[in-house]
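The structure appears right after this line, and notes come after that.
The values are calculated or read from the model by the stated rules, or taken from the named source; none is laboratory data. Values in this document were obtained by computation on a predicted structure and should not be read as measured data. Ideal geometry is used to build each Cβ from the backbone, glycine not excepted, and the neighbour counts take in all protein chains shown.
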Amino acid sequence: MTVSDGSYRTMVKWPDALPMNCQSDQAKPMNGAYGLWMGYFYVPKGTKTIGFFGGEHGEIRDSEDRPQFWLNGKQPNFYSVAVPEGQDGKVWKARYVRGSLRLLTVPPVFPRTPGELLLPKEFVEKDAK
């Protein structure tokens, strides 16, 4: 679903039982006008580095909720985070983010909760091997 309201701040009420994932990559970035938000993302098995574009405010936290990168005060730019041993094949969190955060080297979707995560088929098949 795409909402295009001409920046009139339309509010969409999403049923809690229906999974929601927000896509955000270089080709299709999320709306940069978001206030503070939090979302989860999956780091596939074998991933050594998470590449992303973002800045201004927020933090990237690993699957054990440990901070791995702070965006606070950084200009929007390309950044990367090394994936610690044992933290691949797990769900990480983007927290207190302001504006758009674009995932470049991991599936570019942010669900509201880890249980809502919907992944492209190719990532699921690859990690199952």
**Study point:** Residue check for GLU116: at pLDDT below 90 and acidic (Asp, Glu)
**Key:** no
**Study point:** Test: ASP25 is surrounded by 12 or more Cβ atoms within 10 Å (Cβ to Cβ) and in a loop (DSSP other than H, G, I, E, B)
**Key:** yes
Revision key, fill the gap. Of the candidates ALA94, ALA128, the one satisfying the condition of being hydrophobic (A, V, I, L, M, F, W, C), at negative phi and without any contact (Cβ under 8 Å) to a residue 40 or more places away in the chain is ALA128
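Here's the yes/no breakdown for (1) of a type in the set (Gly, Ala, Ser); (2) within 17 Å of PHE53 (Cβ to Cβ); (3) touching an Asp or Glu at 6+ places or on another chain (Cβ under 9 Å):
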| residue | (1), (2), (3) |
| --- | --- |
| TRP92 | no, yes, yes |
| ARG98 | no, yes, yes |
| THR113 | no, no, no |
| GLU122 | no, no, no |
| ALA128 | yes, no, no |
Review point. Is at least one residue of the range 103-117 basic (Lys, Arg), surrounded by 18 or more Cβ atoms within 10 Å (Cβ to Cβ) and within 13 Å of the chain's Cα centre (by Cα)?
Key: no
Exercise for review: Pull up the range 28-46, narrow it to residues that are surrounded by 10 or more Cβ atoms within 10 Å (Cβ to Cβ) and small (Gly, Ala, Ser), then point me to the one that is farthest from LEU104 (Cα to Cα).
Suggested key: ALA33
